[in-house]
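S.K.: What follows is a structure written as structure tokens; I'll ask about it next.
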Amino acid sequence: MGLNRPITIGRIDYANAWPLFHELEERMAANSHEVISRVPSELNRMLQVGELDVSAISSFSYGQNANDYVLLPQLSVGSIGKVKSILLFMKEPIELKRPRKIAVTTTSATSIHLLKIIMAMHFECNPEYVRAEPALDKMLETSDAALIIGDPAIQASWRNHGLHVIDLGQLWNEWTGLGMTYAVVAARKEIAAAAPDALQTVYKSLIASKQYNTAHLSPLIENACSQIGGEPTYWQKYFQSLQYDFGSKLQEGLKLYFDYSKQLNLLSNDVELTFFEDQSAQ
């Protein structure tokens, strides 16, 4: 049992995941791990093909591959209400005119399918979706609306562009009464079986990072101001508004999201939430 190499860990390269990963490596033994930072779509692919052992991934990617993965408990990126970094920018208010064509980010799966669910089931419309790099002005040259996520969405929200903006986290919460989970932390089942101790070490380190970072936001706020921009007060509220514990309201919201995805044929399978067992809790 065990691995004869460092365990590989995928880290989402967006500010919204910093509370899970900031100084994670300092909490783990040297040479025991390798942390790889990528956008969610790339992490989704790498975990799926076995280039990573454990990773933060898009929730939708977990739904696609749930039979191959186990979830790490109490770890997620979600919101109950505004998320502030999954935003639909529209030329006209949706109450007046439904969009016919929406440019969508290439960097995540969860948000694109959340948008498709909201458009089909809440607004009862079926626009054309076109993939595009997350550059707001270019996206809107040929589309009625643009979906951007992560740090580019935050930066775009600060601009005085005169567009109508829908926060998908807020709309989902108002519509369903539930939270929304955008990213989870999952491990390949064969790693959980072959190297449970190594995975347990990663899990305990992630929990420790989350607990410390959510209680000590100052370094994250400073990083955000220097790397992305904005004011400290914005980032304080931003990090405090996000949910990292994968609590019951977030799990129920994710189950509903998967149910709606199946109804709309975005997913072909039912999805069960299967968790890695925390050995220290035995």
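S.K.: Could we say that residue 199 is closer than 21 Å to residue 16 by Cβ and out of contact with any Lys or Arg (no Cβ under 6 Å at 6 or more places or on another chain) here?
M.R.: When the stated conditions are applied, residue 199 does not pass them.
S.K.: Then there's this: If I ask for residues that are touching a residue at least 60 places away in the same chain (Cβ under 8 Å) and of a type in the set (D, E, K, R), which ones from the stretch 166-184 would you list?
M.R.: Applying the first criterion (touching a residue at least 60 places away in the same chain (Cβ under 8 Å)) to the stretch 166-184 yields 166-170, 172-173, 176, 178-184.
Correct list: 167 only.
S.K.: Determine whether the stretch 1-16 contains at least one residue that is over 25 Å from residue 178 (Cβ atoms) and of a type in the set (Gly, Ala, Ser).
M.R.: Keep residues of the stretch 1-16 that are over 25 Å from residue 178 (Cβ atoms), which gives 1-11, 13.
Checking the rest, the ones that are also of a type in the set (Gly, Ala, Ser) come to 2, 10.
There is at least one residue in the stretch 1-16 that is over 25 Å from residue 178 (Cβ atoms) and of a type in the set (Gly, Ala, Ser).
S.K.: Could you give me the residue pairs with C-beta distances under 8 Å whose first residue belongs to the stretch 103-121 and is without any contact (Cβ under 8 Å) to a residue 60 or more places away in the chain, whose second residue is of a type in the set (Val, Ile, Thr) and part of a helix (DSSP H, G or I) wherever it lies, and which are 6+ apart or on separate chains?
M.R.: 104/112; 105/112
S.K.: From 192, 224, 183, grab the single residue that is closer than 18 Å to residue 75 by Cα and part of a helix (DSSP H, G or I). Even if it seems obvious, please write down each step before you answer.
M.R.: Working: 224 fails: closer than 18 Å to residue 75 by Cα; 183 fails: part of a helix (DSSP H, G or I).
Answer to the selection: 192.
S.K.: Among the numbered criteria (1) within 14 Å of the chain's Cα centre (by Cα); (2) part of a helix (DSSP H, G or I); (3) not β-branched (Val, Ile, Thr), which one does residue 75 miss?
M.R.: (2)
S.K.: Please name all residue pairs, on different chains or six or more residues apart, with Cβ atoms under 8 Å, provided the first residue is in the stretch 57-86 and is more than 30 Å from residue 158 (Cα to Cα) and without any contact (Cβ under 8 Å) to a residue 40 or more places away in the chain and the second residue is crowded, with 21+ Cβ neighbours inside 10 Å and among the hydroxyl-bearing types (Ser, Thr, Tyr).
M.R.: Partner pairs satisfying both residue conditions: none exist.
S.K.: Tell me whether the stretch 205-220 contains one or more residues that are basic (Lys, Arg) and free of Cβ contacts under 8 Å to residues at least 12 places away in the same chain. Walk me through it before giving the result.
M.R.: Keep residues of the stretch 205-220 that are basic (Lys, Arg), which gives 210.
Remaining after also requiring free of Cβ contacts under 8 Å to residues at least 12 places away in the same chain: none.
No, the stretch 205-220 contains no residue that is basic (Lys, Arg) and free of Cβ contacts under 8 Å to residues at least 12 places away in the same chain.
S.K.: Can you name the residue in the stretch 29-63 that is crowded, with 22+ Cβ neighbours inside 10 Å and among the aliphatic types (A, V, I, L, M) and, of all such residues, is farthest from the chain's Cα centre (by Cα)?
M.R.: 52
S.K.: Would you point out which residue out of 179, 162, 169 is farther than 25 Å from residue 7 by Cα and modelled with pLDDT under 95? Working first, answer last.
M.R.: On the way: 179 fails: modelled with pLDDT under 95; 169 fails: modelled with pLDDT under 95.
So the residue among 179, 162, 169 that is farther than 25 Å from residue 7 by Cα and modelled with pLDDT under 95 is 162.
S.K.: Looking only at the stretch 165-176, decide whether some residue is in a helix (DSSP H, G or I), farther than 22 Å from residue 83 by Cα and either acidic (Asp, Glu) or out of contact with any Pro (no Cβ under 8 Å at 6 or more places or on another chain) (or both). Please lay out each step first, then the result.
M.R.: The initial filter retains those residues of the stretch 165-176 that are in a helix (DSSP H, G or I), namely 168-176.
Now restrict to residues that are farther than 22 Å from residue 83 by Cα: none.
No, because not a single residue in the stretch 165-176 is in a helix (DSSP H, G or I), farther than 22 Å from residue 83 by Cα and either acidic (Asp, Glu) or out of contact with any Pro (no Cβ under 8 Å at 6 or more places or on another chain) (or both).
S.K.: Can you work out which of the residues in the stretch 135-157 that are within 18 Å of the chain's Cα centre (by Cα) and in a helix (DSSP H, G or I) is surrounded by the most Cβ atoms within 10 Å (Cβ to Cβ)?
M.R.: 153
S.K.: Would it be correct to say that residue 186 is of a type in the set (A, V, I, L, M, F, W, C), touching a Leu at 6+ places or on another chain (Cβ under 8 Å) and at pLDDT below 95? Let's see the steps before the verdict.
M.R.: Details: of a type in the set (A, V, I, L, M, F, W, C): yes; touching a Leu at 6+ places or on another chain (Cβ under 8 Å): yes; at pLDDT below 95: no.
No.
The values are calculated or read from the model by the stated rules, or taken from the named source; none is laboratory data. Because the structure is predicted, anything quoted here is derived from the model rather than measured. When we count neighbours, we look across all protein chains shown, and the Cβ atoms used for this are built from the backbone with ideal geometry, even at glycine.
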